[in-house]
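Below is one structure, written out as structure tokens, with a few remarks after it.
FYI, it's all coordinate maths here, none of it is from the lab. Because the structure is a prediction, the values reported are computed rather than measured. Every residue, glycine among them, receives a Cβ derived from its backbone with ideal geometry; neighbour counts consider all protein chains shown.
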Amino acid sequence: MSETEFYGLIHPDDRQRMAAHMESLLHGNDTELEIEYRFKTKDDRWIWCLSRDSVFIRSPSGAVAQIIGTFLDVTARRQAEQALRDSETKMRSIFRAAPIGIGVVSNRIFREVNERLCRNTFNISREFTLGSTSCTGSTFRVGVIFPMMSKRLFIVLFKKL
């Protein structure tokens, strides 16, 4: 496969990084490098690949004569990471815009709180609330508790009495 054919299979947005990767491998001091990039499949889909490349053989003059590498499809991982980022963005938006106080409690300690919880429920600053115990206020009641992935982490919605 020619260099032109190879770069034709690399996503246009990743070609410059791939060229820099190869240049560094061929002419730099690194003997092992890795890069993630998009690669075109036979059926014209773009997949994410993790490539780990090493200098395998050098000529007597020290120039790189052969490179060996691995090529791992990491598309599913990349998609899961993007779905997690999208979910976190959505949750942050809900957290900020909620008309009621929301706090994330772990081991009875506030790990995260929104402004409504601080101002409307406790009438204290966010900084003061974080790290404090969730049992200190007596002027609120727990509205809804949503268990998270861990048995020790909850999102708690508070209502002022």
Amide H within-cut-off set for I109, under 5 Å, with H built and near neighbours excluded: S134
Residue-wise HN-Hα coupling along region 39-53, computed from phi with Karplus coefficients 6.51, -1.76, 1.60 (Hz; x: Gly, Pro): 10, 7, 8, 4, 8, 6, 9, 9, 10, 8, 10, 9, 10, 10, 10
Extension gain from L9 to L26, taking 0.36 nm per residue of separation minus the Cα-Cα distance: 4.1 nm
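So how do 96-106, 2-12 stack up, highest first, on mean other-Cβ count within 10 Å?
Values: 96-106: 16.5, 2-12: 11.5.
Highest-to-lowest ranking by the protection proxy: 96-106, 2-12.
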From phi via Karplus (6.51, -1.76, 1.60), per-residue ³J(HN,Hα) for region 4-21 in Hz, x at Gly/Pro: 5, 5, 4, 5, x, 8, 8, 4, x, 6, 10, 4, 5, 5, 5, 4, 5, 4
